[in-house]
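So the structure is just underneath, and the comments pick up after that.
The values are calculated or read from the model by the stated rules, or taken from the named source; none is laboratory data. This one's a predicted model, so the numbers in the text were calculated from it and none came from an experiment. Every residue, glycine as well, gets a Cβ built from its backbone with ideal geometry; the counts of neighbours run over all protein chains shown. For accessibility, only protein heavy atoms count, side chains too; no ligands or nucleic acids. Shrake-Rupley method; radii C 1.70, N 1.55, O 1.52, S 1.80 Å.
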Amino acid sequence: MAGQIIILNGAPRSGKSSIAQAIQEHFEGPWMNLGVDSYAQITPPRYRPGIGLRPGGECPDLEVFVPRFYGALYESIAAHSRLDLNVVADVGHHDGYSKPLDILADCAHRLAGLPVLFVGVRCPIEIIMERRAASETGRGYVTGSSGDPVPLPVRLWQEAVHRPGVYDLEVDTSLLSSVQCADAIRQHLKSVQVAN
C-alpha cells in the first residue's frame with residue numbers, strides 16, 4: 001500500500017505552509033511535510049534559494065541545479081509514499097526561468113502510479129502583499145512601498161506559479177482558513193475513494 005501524497009502549489013505567502021501544518025495536525029496517521037521550507041534547510045547556503053528560485057531568470061547560474069533539486073525532492077516524496085507514509089509538500093512550481101526547464105512534468109513522472117492530489121493554493125495578490133508586510137524580518141520576502149505597491153517579483157510569482165493551472169482541487173486562502181482548506185482536501189480525498 002502506498003501513502004497518500006498531497007502537493008500544495010502556490011505563490012509564497014499564499015498559505016501553503018499553514019495548510020500543510022493543518023493537515024499534519026488534523027489528519028489521521030503520520031503526514032510527513034516535505035516541501036520548499038524543509039528543502040531549504042538541507043540546501044547549502046550558496047545554492048539557495050534552490051527550489052525556491054523566483055520566476056524571472058534572476059540567477060541563471062543556479063538554474064542548472066534546480067531540476068536536480070526538484071528531482072531529488074520528488075524521489076524522496078515517492079520513497080516516503082512507497083513506505084506507506086503520507087506526504088504533504090508545499091511548493092511553488094513555475095517555469096519562469098531564463099529558459100524553460102519543464103520541471104513539473106518531470107516531477108509528475110516521478111510520482112507515476114502513486115496516489116497524488118495536486119492542489120492549487122490561490123490567494124489574491126492584495127492579501128499576499130499584506131502577509132508579506134506582516135512577515136518576520138529576515139525571511140527575505142519582497143514587500144511593497146507607496147511607489148511600488150506590488151513589486152515585479154511578487155507579480156511574477158502570481159502569474160507564473162499557476163501556469164498551466166491544472167489541478168485536482170483548488171482552494172482560496174482569502175476565503176477559507178488553513179483548517180477549512182485542509183477539510184476541503186480531506187473531503188475531496190474521501191469523494192475520490194468512494195468513486196474508486
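From largest accessible area down, sort HIS94, HIS188; use a 1.4 Å probe on the protein chains.
HIS188, HIS94
So which residue, out of ASP172, ASP148, ASP84, gets the largest mean-square fluctuation from a GNM of the chain using Cα contacts under 10 Å as springs?
Sorting by GNM fluctuation, first place goes to ASP148.
Nearest 500 deg cm²/dmol is fine: what mean residue ellipticity at 222 nm does the chain get from its DSSP H runs of n ≥ 4 alone, each adding -39,500 (n - 2.57), divided by its residue count?
-13000 deg cm²/dmol
If you split all Cα-Cα distances of the chain into 10 Å bins from zero, what percentages do you get per bin, shortest first?
9, 36, 38, 15, 2, 0
When Lys and Arg each count +1 and Asp and Glu each count -1, what net charge do the other residues less than 13 Å away from SER177, Cβ to Cβ, add up to?
Combined, the nearby Lys, Arg, Asp and Glu give -3.
Quick one: if the Förster radius is 45 Å, what FRET efficiency do ARG46 and GLN187 give, using the C-beta to C-beta distance and rounding to 0.05?
Rounded to the nearest 0.05, the efficiency is 0.55.
Can you compute the modelled spin-label distance between VAL64 and GLU28, with each label point 7 Å from Cα toward Cβ, in nm?
4.9
Most fluctuating residue of ARG13, ARG46, ARG54 in a GNM of the chain with Cα springs under 10 Å: which is it?
ARG46
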